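Q: Attaching a single structure in structure tokens format; questions to follow.
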Amino acid sequence: MLKVTVEVVCPDGRGSGREIATAYIGRLERSATPDYVVQLREDQREHCEKRTLHAYPRHASSIFDLVARALAVGLTGTKELPPRPEPLSVPIHHSGNTDYVRLGEIPEPAATLFRKRIEYSGSPLSR
């Protein structure tokens, strides 16, 4: 089984990183073109459905080719990546010298990530 992790690390390399995503890629049988099962986990959100990369030719390419195709299958169910996401468009409101956004105007999944990020970061302004 392969475990692929994505971590946020300090630029200077000191300290331990914070794991933000994991992919598990497991070979289902021994053969020249085995199937691989893929399970993704992102922050604390698990993509429950296990998906299968079918008939991947072992040792035919780089391990990174296997990982990239497995991630694509885990995300979309096919070997193709989903379309690139559009930039977020969140209105910024102004009140005097204060700029702010309304949490209800931030689309998902960015809203959940933003709420988690600001959870313990001081006092939010409420109006």
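Q: If I fit a long axis through the Cα atoms of helix 63-76 and take the longest principal axis of the Cα atoms of the chain, what angle between them do I get, 0 to 90°, rounded to 10?
A: Between the helix axis and the principal axis of the chain, the angle is about 60 degrees.
Q: Something else: Quick check: residue separation of residue 119 and residue 10 times 0.36 nm, minus the Cα distance between them. What number comes out in nm?
A: Here the answer is 37.1 nm.
Q: Pop a pseudo-label 7 angstrom from the Cα along the beta-carbon direction at both residue 84 and residue 65 and give the gap in nm to one decimal.
A: 2.5
Q: Ignoring GluC sites (Glu not before Pro) that are buried or in helix or strand per DSSP, and keeping those with at most 11 other beta carbon atoms within 10 Å, what is the longest stretch of the chain between them?
A: 30-79
Q: Can you tell me the Rg and Dmax of the chain, counting just the alpha carbons, in angstroms?
A: 19.8, 67
Q: What do you get for trypsin sites (Lys or Arg not before Pro) in segment 39-98 restricted to DSSP loop and a cutoff of at most 15 other Cβ within 10 Å of the site's Cβ?
A: Passing both the DSSP loop test and the Cβ count: 58, 79.
Q: Quote the FRET efficiency, to the nearest 0.05, computed for residue 95 versus residue 21 with a Förster distance R0 of 30 Å and r equal to the Cβ-Cβ distance.
A: 0.25
Q: What does the helix-only formula give at 222 nm for the chain: each DSSP H stretch with n ≥ 4 adding -39500 (n - 2.57), the total divided by the residues, and the result rounded to the nearest 500 deg cm²/dmol?
A: Dividing the helical sum by the residues of the chain leaves -5500 deg cm²/dmol.
Q: A follow-up question, please. On a C-alpha basis, how far is the centre of segment 62-126 from the centre of segment 1-44 in Å? Whole number, if you could?
A: That distance is 20 Å.
Q: Cα extents of segment 1-73 along the three principal axes, largest first, in whole Å?
A: Projected onto its principal axes, the Cα set of segment 1-73 covers 42, 27, 18 Å.
Computed from the coordinates by the stated procedures, all read-outs in this text should not be read as laboratory data. If you're wondering where the values come from, they're calculated on a predicted model, not measured in any experiment. Reconstructed Cβ throughout: ideal geometry from the backbone, glycine too, with neighbour counts over all protein chains shown.
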